[in-house]
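This report concerns only the one structure given below.
The values are calculated or read from the model by the stated rules, or taken from the named source; none is laboratory data. What you are looking at is a predicted structure, and each value in this text was computed from that prediction instead of being measured. Reconstructed Cβ throughout: ideal geometry from the backbone, glycine too, with neighbour counts over all protein chains shown.
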Amino acid sequence: MRNYKGQFWSIDLIFAIVIFAVALTILAFTWSEINSQLSLAYGSGSTLMQLQAQTLAQVLVSTGAPSNWPNLVNTSNPLTWSNVSIGLAASQGSTSMSASKIYTFMSMSNSNYQATKSLLGLAYDYYINIEGQSFNITIGSSPTAGKALTTYVQKKNIFINGQPATIVVQVWTGEPLGVV
């Protein structure tokens, strides 16, 4: 009578290692595919969100178009907003902001926030905080109140009525990683 016990264990062990290696390979391939798909989906949303924050900050420190746009809009009627571009600077190339433009834009946002989002070309929510030594002006929807999960912030140093100030622009969403 022959004893095949040693061969039996070695065949079982080889078979188990092969099955384990195949399962591990399938798991690694699946993980890689899911990871790359998530990276593409979430990465592009995040990049778009960051780009919109940068663009909004740049737009706000411009004069807008036409430069006298507050005289052309009725703040409670979004139909009058279609031919203007929002900008808060008092004059071209200046870091001095116009109080009139700031308060007109704030009134527009308070009247119809969604319409101002469209006017600014944003796919995400926005919140603007203009902070100075003796004032704090907020425009838009607060990320705290909106339970923001992803927020991008841009800051610019400006002047209002000769006083130094900072404009803090936040673009945010309640969706994970900037996906809308």
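Every residue, every condition in (1) modelled with pLDDT of 90 or more; (2) polar (S, T, N, Q), yes or no:
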{"position": "1", "(1), (2)": "no, no"}
{"position": "16", "(1), (2)": "no, no"}
{"position": "30", "(1), (2)": "no, yes"}
{"position": "42", "(1), (2)": "no, no"}
{"position": "45", "(1), (2)": "no, no"}
{"position": "56", "(1), (2)": "yes, no"}
{"position": "60", "(1), (2)": "yes, no"}
{"position": "67", "(1), (2)": "yes, yes"}
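Of the conditions (1) under 15 Å from residue 55 (Cα atoms); (2) of a type in the set (A, V, I, L, M, F, W, C); (3) more than 13 Å from the chain's Cα centre (by Cα), residue 84 clears all except one; give me its number.
With respect to (1) under 15 Å from residue 55 (Cα atoms); (2) of a type in the set (A, V, I, L, M, F, W, C); (3) more than 13 Å from the chain's Cα centre (by Cα), residue 84 is out only on (1).
Just one of (1) surrounded by 15 or more Cβ atoms within 10 Å (Cβ to Cβ); (2) at positive phi trips up residue 125, so point out which.
So the condition that residue 125 fails would be (2).
Do you know which residues across the stretch 70-117 are in a helix (DSSP H, G or I) and among the β-branched types (Val, Ile, Thr)? Full working, then the answer.
Here is the first cut: in the stretch 70-117, the ones in a helix (DSSP H, G or I) are 70-71, 78-81, 99-111, 113-117.
Correct list: 80, 102, 104, 116.
Show me the strands (runs of 3 or more DSSP E) found entirely inside the stretch 121-169 where at least 1 residues are under 18 Å from residue 61 (Cα atoms) and without any contact (Cβ under 8 Å) to a residue 12 or more places away in the chain. Give the steps one after another, and end with the answer.
Details: elements: 125-132, 136-140, 150-160.
Qualifying strands (runs of 3 or more DSSP E): 136-140.
From 53, 99, grab the single residue that is surrounded by 17 or more Cβ atoms within 10 Å (Cβ to Cβ) and either under 18 Å from residue 158 (Cα atoms) or of a type outside the set (Gly, Ala, Ser) (or both). Let's see the steps before the verdict.
On the way: 99 fails: surrounded by 17 or more Cβ atoms within 10 Å (Cβ to Cβ).
Going through 53, 99 in turn, just one is surrounded by 17 or more Cβ atoms within 10 Å (Cβ to Cβ) and either under 18 Å from residue 158 (Cα atoms) or of a type outside the set (Gly, Ala, Ser) (or both): 53.
Looking at (1) over 27 Å from residue 47 (Cβ atoms); (2) in contact with an Asp or Glu (Cβ under 9 Å, 6 or more places away or on another chain); (3) loosely packed, with under 14 Cβ neighbours inside 10 Å, can you tell me which one residue 166 breaks?
All conditions are met except number (1).
Working only within the stretch 68-95, note down all residues that are surrounded by fewer than 17 Cβ atoms within 10 Å (Cβ to Cβ) and of a type in the set (Ser, Thr, Tyr). Before you say what the answer is, go through the steps one by one.
Pass one, the stretch 68-95, residues surrounded by fewer than 17 Cβ atoms within 10 Å (Cβ to Cβ): 68, 71-72, 74, 76-77, 79-80, 82-83, 85, 91-95.
Of everything in the stretch 68-95, those that are surrounded by fewer than 17 Cβ atoms within 10 Å (Cβ to Cβ) and of a type in the set (Ser, Thr, Tyr) turn out to be 76, 80, 82, 85, 91, 94, 95.
Find the residue count for the stretch 68-97, including only residues that are without any contact (Cβ under 8 Å) to a residue 24 or more places away in the chain and closer than 14 Å to residue 130 by Cβ.
The number of residues fulfilling the criteria is 0.
Which condition does residue 36 not pass, out of (1) closer than 29 Å to residue 148 by Cβ; (2) in a helix (DSSP H, G or I); (3) modelled with pLDDT of 90 or more; (4) more than 20 Å from the chain's Cα centre (by Cα), if it passes all the others?
Failed condition: (3).
Could you tell me whether residue 99 is within 16 Å of residue 169 (Cα to Cα), out of contact with any Ser or Thr (no Cβ under 6 Å at 6 or more places or on another chain), of a type in the set (Gly, Ala, Ser) and at pLDDT below 95? Step through it out loud before you land on a result.
Working: within 16 Å of residue 169 (Cα to Cα): no; out of contact with any Ser or Thr (no Cβ under 6 Å at 6 or more places or on another chain): yes; of a type in the set (Gly, Ala, Ser): yes; at pLDDT below 95: yes.
So residue 99 fails the test.
Please tell me if residue 104 is of a type in the set (Ser, Thr, Tyr), more than 15 Å from residue 171 (Cα to Cα) and at pLDDT 95 or above.
Values: of a type in the set (Ser, Thr, Tyr): yes; more than 15 Å from residue 171 (Cα to Cα): yes; at pLDDT 95 or above: yes.
The answer is yes for residue 104.
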